[in-house]
Amino acid sequence: MDSRLEQLNTVITDNKKIQISSLVISKGILLVLSPNFFGATSILNDTQHLIGRTKECNFTINDNLVSKRHCVITNEDGKFFLEDVGSRNGTFLNGKPIKKKSALFYGDKITVGETIMRFYLEEKLDRK
């Protein structure tokens with residue numbers, strides 16, 4: 001067998017001793033889905049995460065329809081919220097414009113300008 005293939009294989013010999021469960025921890029992840037920055041990610045590990053066109057933002061998006069300071073995601077005790085900060089073209093959550101601070105949930109679609117992102121929560125495996 002090719003040694004490169006052997007390195008990719010994982011073998012569990014006694015799966016009765018391993019119990020794996022998924023625990024959500026308090027980091028959010030933005031994944032860009034639109035073609036202009038497809039695959040770009042941003043880890044939301046700060047209390048506030050500013051999104052916009054300027055370099056002062058935590059996540060800079062080079063999209064002419066995105067304001068310099070477009071929206072902010074806040075982490076409040078492990079719960080994430082999205083809020084527009086006076087952008088010209090608005091912030092959309094699951095296709096609807098947001099008018100006030102809105103809770104984010106796993107898999108939500110966020111649109112700013114022509115950039116589409118998905119919100120995820122980081123997960124880790126807890127081996128017991």
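Readers should treat all values here as calculations from the given coordinates under stated rules, not as data from a laboratory. No experiment lies behind these values; they were computed from the predicted model shown. FYI the Cβ positions are ideal-geometry reconstructions off the backbone, even for glycines, and counts take in every protein chain you see.
What does the charge add up to near Gln48, with Lys and Arg as +1, Asp and Glu as -1, over the other residues with Cβ less than 13 Å from its Cβ?
-2
Given the pairs Lys79/Lys109; Lys27/Lys79; Lys55/Lys109; Lys27/Lys68; Lys68/Lys96, which span a C-alpha to C-alpha distance of over 19 angstrom in this model?
Working: Lys79/Lys109 16 Å; Lys27/Lys79 9 Å; Lys55/Lys109 23 Å; Lys27/Lys68 24 Å; Lys68/Lys96 21 Å.
Among Lys79/Lys109; Lys27/Lys79; Lys55/Lys109; Lys27/Lys68; Lys68/Lys96, the Cα-Cα distance tops 19 Å for Lys55/Lys109; Lys27/Lys68; Lys68/Lys96.
What whole number of Å gives the distance from the Cα centroid of region 92-113 to the Cα centroid of region 41-91?
12
Mind listing which chymotrypsin sites (Phe, Trp or Tyr not before Pro) in region 22-128 are in a DSSP loop and have 15 or fewer other Cβ atoms within 10 Å?
Phe38, Phe105, Tyr106
Within region 52-95, which GluC sites (Glu not before Pro) sit in a loop by DSSP and count at most 13 neighbouring Cβ atoms inside 10 Å?
When the GluC sites (Glu not before Pro) of region 52-95 are filtered for loop state and at most 13 Cβ neighbours within 10 Å, Glu56 remain.
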